[in-house]
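Engineer: This structure is in structure tokens; I'll ask about it shortly.
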2 protein chains.
Amino acid sequence: MARSPTEFSPVTLPLSRTAQLVEHLGTDIRAGRYKPTERLPTEQELMARFDVSRTVVREAVASLKAEGLVVTRQGSGAFVAQNPTGKPFRIVQDDLTSITEVLNVLQLRLAVEVEVAGDAAIKRDQLRLDDMARCLEQIDAAVRAGDAAIEADYEFHLSIARATGNPYFERFMRFLGTVLIPRQTVRAGIEDPRAQRAYLDQVQAEHRAIYQAIRDADPIAARAAARAHLEAGRERYRTISREAV
Amino acid sequence: MARSPTEFSPVTLPLSRTAQLVEHLGTDIRAGRYKPTERLPTEQELMARFDVSRTVVREAVASLKAEGLVVTRQGSGAFVAQNPTGKPFRIVQDDLTSITEVLNVLQLRLAVEVEVAGDAAIKRDQLRLDDMARCLEQIDAAVRAGDAAIEADYEFHLSIARATGNPYFERFMRFLGTVLIPRQTVRAGIEDPRAQRAYLDQVQAEHRAIYQAIRDADPIAARAAARAHLEAGRERYRTISREAV
DNA sequence: TTTGCCATGTTATCAGACAAGATACATTTC
DNA sequence: GAAATGTATCTTGTCTGATAACATGGCAAA
């Protein structure tokens with residue numbers, strides 16, 4: 001991990017005690033010297049072994065928790081996570097400066113959501129259909145209130161993912177959501193209220209097409225509707241971003 | 001005298017104060033409410049604003065540091081990182097113990113690769129087609145040598161992703177590969193060499209169907225071929241795993 | 001044996017203090 | 001006047017001691 005970019009340290013880079021402890025314990029865990037699910041030494045033991053205060057120990061453990069290497073249970077102890085070496089899939093926000101990059105991520109979203117809609121049309125039950133319908137109504141209400149309904153829109157898509165019964169779909173869509181939602185505020189940037197209303201009505205019509213295909217248990221139609229919706233969404237992003245420039 | 005965490009909700013939420021603060025600050029940063037290189041409130045201000053102790057504030061900041069969202073400079077303050085990285089998408093290996101879980105991840109892979117094949121059929125050029133063809137030949141060679149050709153198979157799929165020009169496709173497929181490849185060794189577990197050869201010939205026939213559709217610039221056929229291949233793959237995994245039990 | 005209580009150990013959180021580095025501003029020096 | 005310097009003050013880093021919440025195992029009672 002890089003230190004402060006403005007700081008040139010000629011020979012020695014002084015790591016804080018916390019950072020040293022994180023480094024030490026992290027390598028121990030990655031090297032398998034502590035095995036998955038094994039309990040780490042108690043805070044008191046770590047304090048004594050490394051001659052540091054409890055603050056340092058706790059901050060180090062907090063860092064390791066954030067890295068996903070350990071989990072703690074209050075009153076029980078700190079334990080090595082089951083999979084300490086899983087390399088995650090990252091999308092770096094700063095890479096999404098160009099329109100093209102955002103469109104690429106939107107295409108990844110399209111890929112997943114098309115399949116999600118198709119599978120939802122197979123797996124869906126009345127309960128999930130009710131959830132989707134409720135989301136659609138919430139979008140309607142938000143639009144009537146003059147809101148951009150970004151959150152309700154998001155929830156509708158998630159409700160479809162839940163209907164598949166495959167938890168990875170919802171998790172991945174939530175992941176993409178955190179990446180994309182900050183970019184989606186352009187939707188709220190449409191100045192003319194009537195234009196925005198027309199825009200939202202169009203989006204909602206596409207939503208209903210997806211919903212109806214799922215309700216009709218027609219996976220092919222559901223995939224087609226989802227594809228239409230998300231390709232239109234990419235196109236809208238393309239044109240709006242271009243105008244914004 | 002503990003502050004009542006049930007003040008707002010009858011059911012105590014299992015999130016620790018530290019975790020809540022991490023969540024709050026993390027979303028603030030990711031949402032851009034704190035901009036890169038901007039200074040965060042001081043520890044004292046955060047203590048006052050969230051009504052928590054300095055321990056909680058410091059552990060929360062330690063977590064955010066581990067996530068790469070903030071950097072701290074002693075005596076100066078805590079700052080939003082220049083490249084605040086989003087929360088990554090993780091698939092924990094240990095969650096893939098059950099057949100169902102693996103099938104769920106395979107479905108995620110299917111979703112992406114179907115779209116990848118379709119987009120490759122649109123974007124492909126001669127250079128990329130040559131890459132794919134070369135991969136197919138390598139699989140053939142490996143199979144003739146009696147090898148399971150897992151690596152060459154992987155490379156073929158990646159070559160399709162490269163043809164789309166969308167780097168996120170290849171990155172995501174590589175990510176899923178690291179998760180799934182350890183599970184794929186069942187392929188090598190087929191004991192009868194003739195059965196394995198028949199299996200691999202079938203797989204290779206499906207590969208060629210995908211390749212030809214892409215070569216013919218037919219996205220619909222490419223998606224159908226990719227879907228057929230990956231659904232067959234899921235089915236093969238299902239049956240083989242069941243036999244293994 | 002089973003159930004429930006309780007002592008003990010552990011993490012979570014709070015509070016206060018001092019050390020070390022950073023920053024702005026006044027002071028000194030040229 | 002400008003640059004160098006000293007200093008007050010702010011902020012993070014670390015230490016210490018205490019209380020609350022939770023987990024666990026043992027023991028007593030049913």
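The values are calculated or read from the model by the stated rules, or taken from the named source; none is laboratory data. Computed from a predicted structure; not experimentally measured. Quick reminder, even Gly has a Cβ in these numbers, built from the backbone with ideal geometry, and neighbours come from all protein chains shown.
Engineer: Just need a number here: residues in region A:209-244 that are of a type in the set (D, E, K, R) and loosely packed, with under 14 Cβ neighbours inside 10 Å.
Structural biologist: Within region A:209-244, residues that are of a type in the set (D, E, K, R) and loosely packed, with under 14 Cβ neighbours inside 10 Å number 4.
Engineer: Ok, one more. Of the conditions (1) over 32 Å from the mean Cα position of the chain (by Cα); (2) farther than 23 Å from A:Val22 by Cβ, B:Thr37 clears all except one; give me its number.
Structural biologist: (1)
Engineer: Output yes when any residue across region A:87-108 is over 30 Å from B:Val80 (Cα atoms) and either among the basic types (Lys, Arg) or within 9 Å of chain B (Cβ to nearest Cβ) (or both), and no when none is.
Structural biologist: no
Engineer: Looking only at region A:28-66, filter to residues that are closer than 20 Å to B:Ala66 by Cα and of a type in the set (Lys, Arg); which one of those is farthest from DNA strand C (Cβ to nearest atom)?
Structural biologist: It comes out as A:Arg30.
Engineer: When you scan region B:210-227, do you find a residue that is at pLDDT below 90 and within 22 Å of A:Asn104 (Cβ to Cβ), even just one?
Structural biologist: No; the residues of region B:210-227 include none that is at pLDDT below 90 and within 22 Å of A:Asn104 (Cβ to Cβ).
Engineer: Same structure, new question: So, in region B:51-69, exactly how many residues are at pLDDT 90 or above, among the small types (Gly, Ala, Ser) and assigned to a helix (DSSP H, G or I)?
Structural biologist: 3
Engineer: For region B:115-144, how many residues meet the condition of being in a helix (DSSP H, G or I) and touching a residue at least 60 places away in the same chain (Cβ under 8 Å)?
Structural biologist: Qualifying residue count for the region: 15.
Engineer: So B:Ala205 fits all but one of (1) under 30 Å from A:Phe89 (Cα atoms); (2) at pLDDT 95 or above; what number is the exception?
Structural biologist: Failing condition for B:Ala205: (1).
Engineer: Since B:Gln20 meets every condition but one in (1) modelled with pLDDT under 90; (2) more than 11 Å from every other protein chain (Cβ to nearest Cβ); (3) more than 8 Å from DNA strand C (Cβ to nearest atom), which condition does it not meet?
Structural biologist: (3)
Engineer: Hey, another quick one. Identify, from the list B:Gln202, B:Gln196, the residue that is more than 13 Å from chain A (Cβ to nearest Cβ), surrounded by fewer than 17 Cβ atoms within 10 Å (Cβ to Cβ) and in a helix (DSSP H, G or I).
Structural biologist: Result of the check over B:Gln202, B:Gln196: B:Gln202.
Engineer: Return the residues of region B:100-141 that are β-branched (Val, Ile, Thr) and buried (at least 16 other Cβ atoms within 10 Å of the Cβ); say none if nothing qualifies.
Structural biologist: Of everything in region B:100-141, those that are β-branched (Val, Ile, Thr) and buried (at least 16 other Cβ atoms within 10 Å of the Cβ) turn out to be B:Val102, B:Val105, B:Val112, B:Val114, B:Val116, B:Ile139.
Engineer: Name the single residue that is surrounded by the fewest Cβ atoms within 10 Å (Cβ to Cβ) among those in region B:31-52 being within 11 Å of chain A (Cβ to nearest Cβ) and touching a residue at least 12 places away in the same chain (Cβ under 8 Å).
Structural biologist: B:Thr37
Engineer: Okay, moving on. I'm trying to understand the selection: among the residues of region B:53-71, which are without any contact (Cβ under 8 Å) to a residue 40 or more places away in the chain and either surrounded by fewer than 18 Cβ atoms within 10 Å (Cβ to Cβ) or more than 17 Å from A:Arg58 (Cβ to Cβ) (or both)?
Structural biologist: Correct list: B:Ser53, B:Arg54, B:Thr55, B:Gly68, B:Val71.
Engineer: Can you tell me how many residues within region A:79-121 are modelled with pLDDT of 75 or more and away from DNA strand C (no atom under 16 Å from the Cβ)?
Structural biologist: Within region A:79-121, residues that are modelled with pLDDT of 75 or more and away from DNA strand C (no atom under 16 Å from the Cβ) number 25.
Engineer: Something else now. Taking A:Asp153, is it assigned to a helix (DSSP H, G or I), away from chain B (no Cβ under 11 Å) and either among the acidic types (Asp, Glu) or in contact with a Ser or Thr (Cβ under 9 Å, 6 or more places away or on another chain) (or both)?
Structural biologist: The answer is yes for A:Asp153.
Engineer: Going by what's in this entry, would B:Ser76 be described as within 14 Å of DNA strand C (Cβ to nearest atom), within 11 Å of another protein chain (Cβ to nearest Cβ) and more than 25 Å from the chain's Cα centre (by Cα)?
Structural biologist: yes
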